[in-house]
Amino acid sequence: MIDLKSMTLMESKEALQAMGEPAFRGKQVFAWLNRGIISFDEMSNLPRSLRERMKAECLLTVPRIARKQLSAKDGTIKYLWELADGNCIESVLMRYHHGNTVCISSQVGCRMGCAFCASTIAGKVRDLTPGEMLDQVMFVQKDAGVPVSNIVLMGIGEPMDNLDAVLKFLEIVNHPDGMNIGMRHISLSTCGVVPGIRRLAELGLQLTLSVSLHAPDEETRSRLMPVNRAYDLEALFTACHDYFRRTGRRISFEYAMIDGVNDQDWQADLIARRLRGMPGHVNLIPLNDVAESPFRPSRRTAAFQKRLESHGVTATVRRSLGGDIDAACGQLRRKAEERGGSQ
Ligand code: SAH
């Protein structure tokens, strides 16, 4: 089956030409597929014969809402989507004053193995296609009935472990004939896959790069994040400094505050030292309690923030949304899996 939704405009034109159609049909198809249609019959400006042929030869993914949770506190909506092959992924709609943001998944599961993260417990099942990433944005927008202005790739999965598909998704979602979401309205978060950071730097995209730091010393970081054994802090910060020099874009560093593990003053001092020469921004995240994990939330967040600021480092504490609905990192999918497993 031909997956037209995972194609850029150029590829869509080529695919339609390969089907014996004029190139402009590719542009029409691209526009329809980027509007969240659920049947080829909706492509009303296409000849019926072509629509019938597409039904037979082309894939049209339509994720099903397996579960939906609405936060009574802040309007956050969490979606558990069932994909065509029965796998489930999560997306979250967050309402900020600067616009509606969708947090999307890039893989079914994750193989990065971070010790505090629910998404990685059962490993990676498969990569998502560009179309399946796009679906999350379009169908959240459609279901919630609000315009989406921002995207964060901070759901389940490691975007840089599926970078070809992620880059194609970015090109599609950014296209004026598609959803037309500006690169500056998109954030991509990585656990620190150095070759991916270098590739992104070469492309010079204007998106915001977030790096999940979580510890500034090799020992703690290797314990929390196995990726650090492949790309250590030395290599990571060299790549980050290069990234800033090339793109001029400030990197955001995610830092989940874990009681007694990464919340000591000397660790704040070390963060500041590693950031020297680059206008980094540290985003302190209250640790979400994951039942399977031995880690507990830190009680030193305010002190740690102060310590960072005393070195001139910008540090903010992330406002936690959707705490009442398991909106954190892989928790809904995990619960669904557990229910499935116990049946
Ligand atoms: N794989 C990418 C993106 C997905 S995770 C990455 O690692 O950056 C999005 C963010 O949530 C990451 O910063 C991740 O480290 C963080 N995270 C995972 N589990 C968490 C938890 N229990 N509490 C707080 N943050 C968590």
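Within segment 179-199, can you find the residues that are among the aliphatic types (A, V, I, L, M) and more than 28 Å from residue 36 (Cα to Cα)? Explain how you work it out, then say what you get.
Filtering segment 179-199 down to residues among the aliphatic types (A, V, I, L, M) leaves 179, 181, 183, 186, 188, 193-194, 197.
Correct list: 193, 194, 197.
Residues in segment 254-291 that are away from the ligand (no atom under 16 Å from the Cβ) and among the aliphatic types (A, V, I, L, M): 268, 270, 272, 275, 278.
Residues that are among the β-branched types (Val, Ile, Thr) and touching a Cys at 6+ places or on another chain (Cβ under 9 Å) within segment 210-263 comprise 211, 227, 251, listed in sequence order. Contact map, segment 173-184: residues that are over 12 Å from residue 134 (Cα atoms) paired with residues that are in a loop (DSSP other than H, G, I, E, B), Cβ distance under 6 Å, separation 6+ or inter-chain. Pairs shown: 183/205; 183/206; 183/207; 184/206. Take the residues in segment 1-12 that are in a helix (DSSP H, G or I) and buried (at least 21 other Cβ atoms within 10 Å of the Cβ), then tell me which one is nearest to the chain's Cα centre (by Cα). For segment 1-12, the residue satisfying everything is 6.
Just checking, does segment 85-93 include any residue being outside any loop (DSSP other than H, G, I, E, B) and modelled with pLDDT under 95? So far as segment 85-93 goes, no, none of its residues is outside any loop (DSSP other than H, G, I, E, B) and modelled with pLDDT under 95. You will find that of 141, 136, the residue that is more than 12 Å from the ligand (Cβ to nearest atom), crowded, with 21+ Cβ neighbours inside 10 Å and either modelled with pLDDT under 95 or in a helix (DSSP H, G or I) (or both) is 136 and no other. Checking the stated criteria, residue 122 turns out not to satisfy the condition of being closer than 20 Å to residue 285 by Cα, within 15 Å of the ligand (Cβ to nearest atom) and surrounded by fewer than 21 Cβ atoms within 10 Å (Cβ to Cβ).
Residue check: residue 269 meets all listed conditions (1) farther than 29 Å from residue 89 by Cα; (2) touching a strand residue (DSSP E or B) at 6+ places or on another chain (Cβ under 9 Å); (3) outside any loop (DSSP other than H, G, I, E, B) but one, namely (2). Contact map, segment 124-137: first residue under 15 Å from residue 3 (Cα atoms), second residue of a type in the set (Lys, Arg), Cβ cut-off under 7 Å, separation 6 or more or different chains; pairs are 130/168; 131/5; 134/5.
Determine whether residue 250 is over 14 Å from residue 215 (Cβ atoms) and assigned to a loop (DSSP other than H, G, I, E, B). In short, yes. Residue 78 falls short on exactly one of the conditions (1) within 16 Å of the ligand (Cβ to nearest atom); (2) in contact with a strand residue (DSSP E or B) (Cβ under 7 Å, 6 or more places away or on another chain); (3) more than 29 Å from residue 206 (Cα to Cα); (4) of a type outside the set (Val, Ile, Thr), and that condition is (3). Residue 167 meets the stated requirement of being over 30 Å from residue 272 (Cα atoms) and away from the ligand (no atom under 14 Å from the Cβ).
Please tell me if residue 222 is over 22 Å from the mean Cα position of the chain (by Cα) and either at positive phi or within 16 Å of the ligand (Cβ to nearest atom) (or both). Steps first, answer last, please.
On the way: over 22 Å from the mean Cα position of the chain (by Cα): yes; either at positive phi or within 16 Å of the ligand (Cβ to nearest atom) (or both): yes.
The answer is yes for residue 222.
Using the structure shown, decide if residue 149 is closer than 25 Å to residue 30 by Cα, more than 13 Å from the ligand (Cβ to nearest atom), of a type in the set (Gly, Ala, Ser) and touching a strand residue (DSSP E or B) at 6+ places or on another chain (Cβ under 8 Å). Here the answer is yes, as residue 149 does meet what is asked.
For first residues located in segment 246-266 and more than 15 Å from residue 307 (Cβ to Cβ), partners that are among the charged types (D, E, K, R) and assigned to a loop (DSSP other than H, G, I, E, B) and lie 6+ apart or on another chain with Cβ distances below 6 Å form the pairs 259/296.
Listed by first and then second residue, the pairs linking a residue in segment 210-224 that is modelled with pLDDT of 95 or more to a residue that is of a type in the set (S, T, N, Q) and more than 14 Å from the ligand (Cβ to nearest atom), with Cβ atoms under 6 Å apart and 6 or more places separating them unless they lie on different chains, are 216/267.
The values are calculated or read from the model by the stated rules, or taken from the named source; none is laboratory data. On a predicted model such as this, the values are computed, not experimentally measured, just so you know. Note that we place each Cβ from the backbone using ideal geometry, even for glycine, and neighbour counts take in every protein chain shown.
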